[in-house]
1. I'd like to verify a number: residues in region 131-146 that are within 16 Å of Ser24 (Cα to Cα) and either open to solvent by 60 Å² or more (accessible area, probe 1.4 Å) or modelled with pLDDT of 95 or more (or both), how many?
2. Would you list the strands (runs of 3 or more DSSP E) that sit entirely within region 94-180 and hold 2 or more residues that are small (Gly, Ala, Ser)?
3. Is it the case that some residue within region 20-29 is of a type in the set (Gly, Ala, Ser) and not in a strand (DSSP E or B)?
4. Of Thr30, Thr22, Thr103, which residue is open to solvent by less than 40 Å² (accessible area, probe 1.4 Å) and not hydrophobic (A, V, I, L, M, F, W, C)?
5. Quick check on region 45-66. Is at least one of its residues part of a strand (DSSP E or B) and on the phi > 0 side of the Ramachandran plot?
6. Show the residue pairs that are 6+ apart or on different chains and have beta-carbon atoms under 6 Å apart, the first residue being within region 111-130 and more than 12 Å from Ala75 (Cα to Cα), the second being surrounded by 11 or more Cβ atoms within 10 Å (Cβ to Cβ) and polar (S, T, N, Q).
7. Tell me whether region 76-89 contains one or more residues that are within 22 Å of Thr142 (Cβ to Cβ), assigned to a loop (DSSP other than H, G, I, E, B) and free of Cβ contacts under 8 Å to residues at least 60 places away in the same chain.
8. Here is a list: Lys158, Lys115, Lys80, Lys101. Which entry is within 23 Å of Pro9 (Cα to Cα), among the basic types (Lys, Arg) and modelled with pLDDT under 95?
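The values are calculated or read from the model by the stated rules, or taken from the named source; none is laboratory data. In this text, all values refer to a predicted model and were calculated from it rather than measured experimentally. When we count neighbours, we look across all protein chains shown, and the Cβ atoms used for this are built from the backbone with ideal geometry, even at glycine. What goes into the accessible areas is simple: the full protein's heavy atoms, side chains included, and nothing from ligands, DNA or RNA. Shrake-Rupley method; radii C 1.70, N 1.55, O 1.52, S 1.80 Å.
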Amino acid sequence: MRAFLGLEPDVSTKLAIDNWRTTSLPPYPTAVPAANFHVTLAFLGTINLEQQDKLQQQIAVMEDISEFSVNLDIAGYWAKPKAFWIGCSNHASAHLQLVKKLTTAAHSADIATQKNAYQAHVTLIRKCTENPPAPLVTPNFTWRSQAFHLYESLSTAKGVVYAIRQSWPLMPELAVRKRI
């Protein structure tokens, strides 16, 4: 299965991002559907059932990570993948801690991960040949991440669909503090 670990914005945030894109950017035929909005924590690529099982075992024994807020407040464009995105100018320490732990878990499960510097982002447009004009309104979307997910990327006749295969809760900050 082709997979990644990620965060899912709540429905109201997805709709707000979609509305911002519609009102701030010209229309693009390759716009990512709002249902597919997510923040990747670790891209896994194609993994087999044994790797998936090892990964799930590694995640099951990870130390608790507290909930954190994700604030999408910058826009960017990557020329090589031809992707326009909105992302975080600052990452919560718990967010970066989760990325590091999941990358370690993936490596322990014999899954290679990307070595690029981490930039939390939501891809809004794929296959755009040039950077869209600067939006008139700066993005500013925040949600509280309370869980992370194992996603499977499925190719369908209507395009790619990201199906959540398993979810793990993040701990409320007070619960983490009480354990210390």
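1. Result for region 131-146: 9.
2. Those strands (runs of 3 or more DSSP E) span 147-156, 159-169.
3. yes
4. Criteria check complete, one pass: Thr103.
5. The answer is yes; a qualifying residue exists.
6. Partner pairs satisfying both residue conditions: Ile111/Gln51; Thr113/Thr103; Arg126/Thr30; Lys127/Thr30.
7. Scanning region 76-89 turns up at least one residue that is within 22 Å of Thr142 (Cβ to Cβ), assigned to a loop (DSSP other than H, G, I, E, B) and free of Cβ contacts under 8 Å to residues at least 60 places away in the same chain.
8. After applying the criteria, what remains is Lys158.
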